[in-house]
Amino acid sequence: MPDPQVYDPYRLIDDVEGLLIQRGHRPERVEGRAGDRVAGASRLLRGLGIEPLRAPGDALDLDGQRAYQARVHGD
């Protein structure tokens, strides 16, 4: 059985941001939406048959629950 393909979703975010800049866009990382970026990148990778490679520290809440609060309470 071949080894599964893996790719870091954070690297994909950086890659896409660089591509958008090359194409004349001005992407900006919206505060409190880091979870959305990582989830979107991970979903894209899975849709392409590549497993997102996640570091153990990714399970930590590093944005102070801002993403959670925004989704659940609209704060």
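Bear in mind these aren't lab numbers, they're just calculated from the coordinates by the rules spelled out. Predicted model only: the values in this text are computed from it and were never measured. Here Cβ is always computed from backbone atoms with ideal geometry, including for glycine, and neighbour counts include all displayed protein chains.
List of remarks:
- Residues listed by number, region 19-35, amide nitrogen under 17 Å from ILE50 label point at 7 Å toward C-beta: 19-20
- Under a 5 Å amide H cut-off, with hydrogens placed 1.01 Å from N, LEU53 pairs with TYR7, ASP8 among residues at least 5 apart or on other chains.
- Pairwise label distance in nanometres, ARG23 with ALA39, each label 7 Å out on the Cα-Cβ vector: 2.3 nm
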